[in-house]
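Below is one structure; the comments refer to it alone.
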Amino acid sequence: MITRYPTKKIYVGNVAVGGDAPISTQSMTYSNTYDVDATVEQIKRLHFAGCDIVRVAVPDMEDALALKAIKEQIDLPLVADIHYNYKLALIAAESVDCIRFNPGNIGEKSRIKEIVKACQQRDIPIRIGVNAGSLEKEFENKYGQTAEGMVASAEYNIKYLEDLGFTDIKISLKASDVERTVAAYRQLRPKNNYPFHLGVTEAGTLFHATVKSAIGLGTLLLEGIGDTMRVSITGELEEEINVARAILKDSGAMPDGLNIISCPTCGRIEADLVTAVAEIERRTAHIKTPLNVSVMGCVVNAIGEAAHADVAIAYGKGKGLIMVKGEVIANLDEHELVDKFVYEVEKMAAESK
Ligand code: SF4
């Protein structure tokens, strides 16, 4: 059982972050934010995949001005991602639920003061998003692009916000490698109680990003560090959420969602299990009810696993059994099994609400 570091609870829209709140998942859209229809469509996809908080890039004024229309059409809390131009944050703060800025590239501290004032007026939090690759010059010159430099930047900016009376803060300390990322979060954790947004930045394509994030974020989660997280993947939107939820689930930090047991396959298999499990994962990714399910390639271990599963498939030659709570409820042709399985899982999830 993981004991989480006690952190302050803040709210990003209606999603609590920190304290006893569940660890939330985040992602970003890749559309041009000013393209309201495309951005809303991507946000809805993320929402369906199980994303809790969505962030959009705000590089120009037309993006900032589109935020109001986007916010009106979505149900997820919306975070505006600001670099360089603090005036975009002032416009964004009128519509969104949180401002994320990178202190290393906002420039004069008086600009951060303006952002803080705008957030205070709307009672929305700020994420201080420190990146190893874009530290303020003073910290980069002193520490280089190290964990120590990231922590020094975060501490400096936390103090700056606190001195302005602003404490609705969450913090991220991202580097593109696991070692610096983990070291930075570990170093900063005992020094304050603000919620942490975890992430390894620019982690690469699905395969490498999954490995890096599972090691880095998994390590931190097992140490009780982390209140919200983003898995950064060069890939499709849903992949970030699927991987993030899997890391939360498999580290024991998230009880909800499906625990899918599937066999590794062997020479006894007589079905296309790889395709079937991939389809099941995709079609059940939105389910948050904690359920144990198993999908096994033959009867050798299927019956034993199914006895402990809420819903199970035991494949045979061209046919298979659907089992619910250890009882066989259907004997179907192979092409009917996934549909019936997903139906039973959705039904059980709906009934347990
Ligand atoms: S369940 Fe059957 S097919 Fe799957 S690994 Fe075990 S013996 Fe092989």
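Values in this text are rule-based calculations from the coordinates and carry no lab data. Just so it is clear, the model here is predicted, and its values are computed rather than measured. So basically every Cβ, Gly included, is an ideal-geometry build from the backbone, and we count neighbours across all protein chains shown.
How big is the charge dipole of segment 113-259 about its Cα centre, in debye rounded to the nearest 20, if each Lys and Arg gets +1 on its Cβ and each Asp and Glu gets -1 on its Cβ?
So the magnitude is around 260 debye.
Output the Cα-based Rg and Dmax of the chain in Å, rounding Rg to one decimal and Dmax to a whole number.
According to the Cα coordinates of the chain, Rg and Dmax are 22.3, 70 Å.
In nm, to one decimal, how far is the residue 186 label point from the residue 37 one, both placed 7 Å along Cα→Cβ?
Inter-label distance under the simple model: 5.1 nm.
Could you compute the net charge surrounding residue 60? Neighbours are other residues with a C-beta less than 14 Å from the C-beta of residue 60; K and R count +1, D and E count -1.
Cβ neighbours under 14 Å give a net charge of -3.
Rounded to the nearest 0.05, what FRET efficiency do residue 259 and residue 122 give with R0 = 30 Å and r taken as the Cβ-Cβ distance? Could you check?
Efficiency computed from Cβ-Cβ geometry: 0.15.
Suppose R0 equals 51 Å. What FRET efficiency, 1/(1 + (r/R0)^6) with r the Cβ-Cβ distance, do residue 20 and residue 336 give to the nearest 0.05?
With R0 = 51 Å, the Cβ-Cβ based efficiency is 0.75.
Each residue of segment 103-109 in order: what ³J(HN,Hα) in whole Hz does its phi give by Karplus 6.51 cos²θ - 1.76 cosθ + 1.60, θ = phi - 60°, with x for Gly and Pro?
Per-residue couplings from phi come out as x, x, 10, 7, x, 3, 5 Hz.
Considering only C-alpha atoms, what is the centroid distance from segment 308-323 to segment 51-76, in Å?
Between the Cα centre of segment 308-323 and that of segment 51-76, the gap is 44 Å.
If one computes the Cα centroid of segment 117-171 and of segment 1-41, what distance in Å separates the two points?
Centre-to-centre (Cα) distance: 19 Å.
What is the sum of charges, Lys and Arg at +1 and Asp and Glu at -1, for the other residues whose Cβ falls under 14 Å from the Cβ of residue 271?
-3
If I take R0 = 25 Å and measure r between the Cβ atoms of residue 60 and residue 202 in this structure, what FRET efficiency does the formula 1/(1 + (r/R0)^6) give, to the nearest 0.05?
Calculated transfer efficiency: 0.70.
Return one number: the angle in degrees, 0 to 90 and rounded to the nearest 10, between the long axis of the Cα atoms of helix 36-49 and the longest principal axis of the Cα atoms of the chain.
50 degrees
Which translational diffusion coefficient, to the nearest whole µm²/s, is obtained for segment 84-195 from the Stokes-Einstein equation, given a Kirkwood hydrodynamic radius over C-alpha pairs, 4 °C and 1.567 mPa s?
Estimated diffusion coefficient is 92 µm²/s.
How far apart, in nm, are the 7 Å Cα→Cβ label points at residue 47 and residue 193?
3.4 nm
Net charge around residue 134, counting only other residues with Cβ within less than 11 Å of its Cβ (Lys, Arg = +1; Asp, Glu = -1)?
0
Which log10 I(q)/I(0) values does segment 258-351 give at q = 0.15, 0.17, 0.18, 0.23 Å⁻¹ under the Debye formula, counting every alpha carbon as one identical point scatterer?
Taking Cα atoms of segment 258-351 as identical point scatterers yields -0.47, -0.61, -0.69, -1.19.
Wrap a convex hull around the Cα atoms of segment 222-281, take a quarter of its surface area, and give that in square nanometres.
That works out to 5.7 nm², a quarter of the Cα hull's surface.
At a 10 angstrom cut-off on C-beta neighbours, averaged per residue, how do the peptides 232-243, 34-45 rank from highest to lowest?
232-243, 34-45
Want the number for residue 283 to residue 343: 0.36 nm per residue separation, take away the alpha-carbon distance, what's left?
20.6 nm
Multiply the residue gap between residue 134 and residue 272 by 0.36 nm, knock off their C-alpha separation, and tell me the result in nm, one decimal place.
45.0 nm
Be a star and scan segment 294-320 for residues whose amide nitrogen sits under 14 Å from the point 7 Å along the Cα-to-Cβ vector of residue 352.
Only 294, 308-312 pass the distance filter.
Highest mean first, how do 264-271, 222-229, 83-90 rank when packing is the count of other Cβ atoms within 10 Å averaged over residues?
Highest mean packing first, the order is 222-229, 83-90, 264-271.
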